[in-house]
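None of the figures in this text is laboratory data; all of them are computed from the coordinates on show. Everything numeric here is computed off the predicted structure, so don't read it as measured data. Here Cβ is always computed from backbone atoms with ideal geometry, including for glycine, and neighbour counts include all displayed protein chains.
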Amino acid sequence: MSLVLFVLMFTGLLFYFLTAEERAKVLRMGRALCQRAMTEAVRRWTRQPDEAGQPAPPLAFATWFIVIVNVCVFVRMLSGAGAFGDPETLVSWGGSFGPRTTNGEWWRLVTATFVHAGPIHLLAMLAGLIQIGCITERLVGSFAFASIYLAAGTLANLVCLSKSPVSVTSGPSGAIFGVCGLLMATSIWGLLRGSPVRIPWRTAKRLTPGVALFVLYTAATGRLDRAAAAAALAGGTISGLLMAKAARDHKPAARRVAVLAADTAALVVLFAVPLRGMADVRPEIRHVIAIEDSTSRTYDAAVVRFTNGAIRAVALAQVIDQTIVPQLRAARAELDALERVPREHQPLVAGAGEYLRLRGESWRLRSEALRKGRAPLLKEADRKEWEARDVLSNLRETKGDAWSLELDR
């Protein structure tokens, strides 16, 4: 939203300082550009030849549909709550997060491909997608292009999920790498077999700016998962070779493309099955952290009553035994019931368990000291309490690691 406001403010200031003649000239240039764009769009839609008599290339319907979906999702994210790049925002719009994806939300492997972390991320991805996508789609057809795009993106997301289950993944880089592999395989096969279904050298040179921006951005940000990119690139290349083998003088048949898509889906399911049912430990960790505040408030309120003479020491001990300790035991039971905890979250679970053990010991000692009137037990209870609070402090600091952010493969 801030980018849009900046553009509007800059445009307003520009028009403010221009003379009337200069404003009219700028408006005429804008109208001319719009008319030229509309004319070119109509020519391509109707396949009319240009001024040199060359026929217009076919429209890449699937590529532009994918671009429109990406832009629409981004615009909707602009109007929604949450900051770009925030894990909660990305997941709420369809980003992949292991504990959510592997517990019945497998569609996130696909939707994560259309979620972007910011305007620069969107522009860099679309710069690579538009040029590569339009050319590749014209070579292999819309159905083949869309199938490989979605399959490669899903495969890349699955690789990211298996490598780092608690990372939030989003972005179409895996899908774009798959399309690059498809384009490369189709072009090489066409050159070797002399097929007309190949990319001209002049057109290939036009790919350089978009591909360069895409590669430089993914490399400069350091968020590129090489294994996922390699898997997507290999998948697109193999699919391209298999499709081009049966398409010497024409685009690959829809039946062959459908078989390849079904094989890819089966491969994804095969590797996804062992990952299913991954535990989301964040609710339990938040509960454990909240227990300290709630139990401390309960005990402090009872201490006030004890100080005022409303209750005796035995009654204060009963508050510990009947109200506080059961909460700790219930939290411990919830932790012990967790299964298939991701390895990245296992230290969090271990820390929470250690806090509950130490805190439970401190409350037991405090209750015993109150019942027996033994001051040394109170000192030991205080020592255990401070140890538990140290563990809890570390747990609070590392709680944010439950969201390990990975914006791009």
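Ordering K163, K372, K384 from the fewest to the most neighbouring beta carbons within 10 Å gives K372, K163, K384. Amide H contacts for S167 (H built 1.01 Å from N in the peptide plane; partners 5 or more residues away or on another chain; cut-off under 5 Å): G98. Using only alpha carbons, segment 282-405 has a radius of gyration to Kirkwood radius ratio (Rg to Rh) of 1.03.
When L242, L182 are arranged by Cβ crowding within 10 Å, least crowded first, meaning fewest neighbours, the order is L242, L182. Here the 3J(HN,Hα) profile of segment 145-158, calculated from phi with Karplus coefficients 6.51, -1.76 and 1.60 at θ = phi - 60°, is 4, 5, 5, 5, 4, 5, 5, 5, x, 5, 5, 5, 5, 5 Hz, Gly and Pro shown as x. The mean of 1/r over all pairs of different alpha-carbon atoms in segment 74-147, once inverted, gives a Kirkwood hydrodynamic radius of 13.9 Å.
When R364, R359, R76, R286 are arranged by Cβ crowding within 10 Å, least crowded first, meaning fewest neighbours, the order is R76, R286, R364, R359.
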